[in-house]
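**Student:** I'd like to ask some things about the structure below.
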Amino acid sequence: MATGEYVSVQSQADTEAAALEKERTELSENPKGEHRELASIYVGRGLEPTLADQVATSLMEHDALAAHSKDELGLTDAMSAKPLQAAFASALSFAVGAALPMLVVVLAPNEKLIPVTVVASLLFLAFLGGLAAKVGGASVKKGVIRVAFWSALSMGAAAGIGALVGTVV
């Protein structure tokens, strides 16, 4: 899980770096055009053209790449891809998320192991979906339903594929 997250986020970081390099080149080759582009962004956000031009001039004099990075590309330091941080968070989340199902596997009677594990896992996932929604300020009910539905669907698909290829469940 962590390596997959690292690869995914590193790809995003590479894309961001390429976009910044392209912007750096555009700024050196066509500063006036880039100034017009930045000013038009501010006009689009509601500034009067004269004020938009002044803001673009001021920001470009301070740090042209940072201004274009933020306002044209939507990239900020806080939101930039951080592959190692993402990999660590994924590994930790996976380990914590696996703790309850593993405990259930250890404690459940063998004859009811699969249904008890499935139900406990879905309940735990639903709880985590609700918790994530609450922390994020979203609808807890929607978070619970979304995570429970998609988790049940993926569990069913995995079991179905296992049955098709002859895995004993």
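**Student:** Can you classify segment 97-169 as rounded, prolate or oblate using the Cα gyration tensor, where a ≥ b ≥ c are the square roots of its eigenvalues, rounded means a/c under 1.5, and otherwise it's prolate if a/b beats b/c and oblate if not?
**Tutor:** Values: a/c = 3.32, a/b = 1.60, b/c = 2.07.
Oblate, since a/c reaches 1.5 and b/c is not below a/b.
**Student:** Whole Å is fine, so just give me how far the alpha carbon centre of segment 1-53 lies from that of segment 114-145.
**Tutor:** If we compute the Cα centre of each part, the gap is 37 Å.
**Student:** Now for a separate question. Only Cα pairs under 8 Å and at least 6 apart count here; give the relative contact order of segment 50-153 as a rounded whole percent.
**Tutor:** 15 percent
**Student:** Quick one: give the max-minus-min coordinate of the C-alpha atoms of segment 16-61 along each principal axis, largest first, in Å.
**Tutor:** In descending order, the Cα extents are 32, 18, 14 Å.
**Student:** In percent, what relative contact order does segment 108-164 have, based on Cα pairs under 8 Å that are 6 or more apart in sequence?
**Tutor:** Relative contact order, segment 108-164: 28 percent.
**Student:** While we're here: Among rounded, prolate and oblate, which fits the chain when a ≥ b ≥ c are the square roots of the eigenvalues of its C-alpha gyration tensor, a/c under 1.5 means rounded, and a/b larger than b/c means prolate?
**Tutor:** prolate
**Student:** If packing is taken as the average number of other Cβ atoms within 10 Å across a peptide's residues, how do 64-75, 134-145 rank, most packed first?
**Tutor:** Values: 64-75: 17.3, 134-145: 13.2.
Output ranking for 64-75, 134-145: 64-75, 134-145.
**Student:** Taking Cα pairs under 8 Å and at least six residues apart, what relative contact order does segment 2-71 come out at, in percent?
**Tutor:** Details: 32 pairs, mean separation 22.4, N = 70.
The normalised contact order for segment 2-71 reaches 32 percent.
**Student:** Based solely on its DSSP helices, what 222 nm [θ] is calculated for the chain when runs of n ≥ 4 H residues each add -39,500 (n - 2.57) and the sum is averaged over all residues, nearest 500 deg cm²/dmol?
**Tutor:** -29000 deg cm²/dmol
**Student:** Where in the chain are the DSSP H helices whose alpha-carbon span along the long axis reaches 24 Å or more and whose Kyte-Doolittle mean is at least 1.6?
**Tutor:** 83-107, 113-136
Every read-out reported here was derived from the displayed coordinates using simple, explicitly stated rules and does not represent laboratory data. These figures come from a predicted structure and were not determined experimentally. Note that we place each Cβ from the backbone using ideal geometry, even for glycine, and neighbour counts take in every protein chain shown.
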